[in-house]
Amino acid sequence: MPSLKALKNRIGSVKNTRKITKAMQMVAAAKLRRAQEAAEAARPYAERMTAVMSALAAGVGTGDDAPRLLAGNGRDQVHLLVVMTGERGLCGGFNSSIVKLARARANELVAQGKTVKMLTVGKKGREQLKRDWSAAFVGHVDLGEVKRVGYGNAQTITRQVNAAFEDGSVDVVTIFYNRFQSVISQIPTMQQIIPARFEGGATTALYDYEPSEEVILADLLPRSIATQVFTALLENGASEQGARMSAMDNATRNAGDMINKLTIQYNRSRQAAITKELIEIISGAEAL
């Protein structure tokens, strides 16, 4: 049985840990509000962009005149997986769920005889994937010093993937991230961005385009891809803070339960020690 001093030190240590987790929970809650507002504000624009692009893509099709970002390069051999995770841990299964989905997709592609390349966004995903997939790494985007993700960060990633597609080093590009649903629910999402796919956004309205649909698509497709990447970064940011807030809340509750149990154990041990001393005193007095 631990000594009273050891129990007292452990109770103090757990109390200090609870203070830290409670502070982290409050910080995550403050950051979550801003991140959630940013993610929700971006959704209407992204949805409308998808609707317009879907209508344009339906009119153009995938013929010879279609832009390469829409029709593809005619190959499906080399896949680039853009894995977006957080720069920090202590956020429950947020990072692991994204990595799990990306790893499953990579294994599936390899089983089909495809070549897999990976671009990691966020340190935690890179750390988890480097053991099995370090040979597939082709780049890394560090957002550790970025306090608030902006459209420029999405453009940086978009330029890298577009350049890889244009020079023929990759054929298909897919992004992996967590879509924010609530504080306790984040949905691991896989989304192909090159060749562009627009699902569920087609509109029944008829428009005459000037200049041609092909010209408009060629101009809007890079912007649409950047918008999808930016939306994914915002959704990831809100998901990370929500997961961290939930994880720190659970840690704070667990610390409180542990303090209660240790306090009971300390009081029982102290009572037993006092009782033992009294028995020894009484026994000594009777012996006299």
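Please go through segment 39-66 and pick out each residue that is under 19 Å from R148 (Cβ atoms) and open to solvent by 40 Å² or more (accessible area, probe 1.4 Å). It would help to see each step written out before you state the result.
Within segment 39-66, the first condition is being under 19 Å from R148 (Cβ atoms), and the residues that meet it are 39-43, 45-46.
Answer for segment 39-66, where residues must be under 19 Å from R148 (Cβ atoms) and open to solvent by 40 Å² or more (accessible area, probe 1.4 Å): E40, A41, R43, Y45.
Quick check on segment 262-288: of everything there that is without any contact (Cβ under 8 Å) to a residue 40 or more places away in the chain and of a type in the set (K, R), which residue is farthest from I11 (Cα to Cα)? Working first, answer last.
Going through segment 262-288, the residues without any contact (Cβ under 8 Å) to a residue 40 or more places away in the chain turn out to be 264, 267-268, 271-272, 274-288.
Add one more test, that the residue is of a type in the set (K, R), and what stays is 268, 276.
On the way: R268: 14, K276: 23 Å.
Taking the candidates together, the pick is K276.
At pLDDT 90 or above, crowded, with 18+ Cβ neighbours inside 10 Å and assigned to a loop (DSSP other than H, G, I, E, B): does that describe G86?
So G86 fits the description; yes.
Being open to solvent by less than 60 Å² (accessible area, probe 1.4 Å) and among the acidic types (D, E) is the filter; apply it to segment 239-288 and report the residue that is nearest to the chain's Cα centre (by Cα).
E240
Evaluate the following for L129: is it in contact with a Pro (Cβ under 9 Å, 6 or more places away or on another chain) and at pLDDT 85 or above?
So L129 does not fit the description; no.
In segment 108-207, which strands (runs of 3 or more DSSP E) lie fully inside it and hold 2 or more residues that are open to solvent by less than 40 Å² (accessible area, probe 1.4 Å), under 20 Å from A66 (Cα atoms) and among the β-branched types (V, I, T)? Talk me through it step by step, then tell me what you get.
Numbers: elements: 115-121, 137-141, 172-182, 185-194.
Here the list reads 172-182, 185-194.
The values are calculated or read from the model by the stated rules, or taken from the named source; none is laboratory data. Not measured: the values here are computed from a predicted model. As a convention, Cβ positions derive from the backbone with ideal geometry for all residues, glycine included, and neighbour counts pool all protein chains shown. For the accessible areas, the whole protein counts, side chains as well, though only heavy atoms, and no ligand, DNA or RNA atoms are used. Shrake-Rupley method; radii C 1.70, N 1.55, O 1.52, S 1.80 Å.
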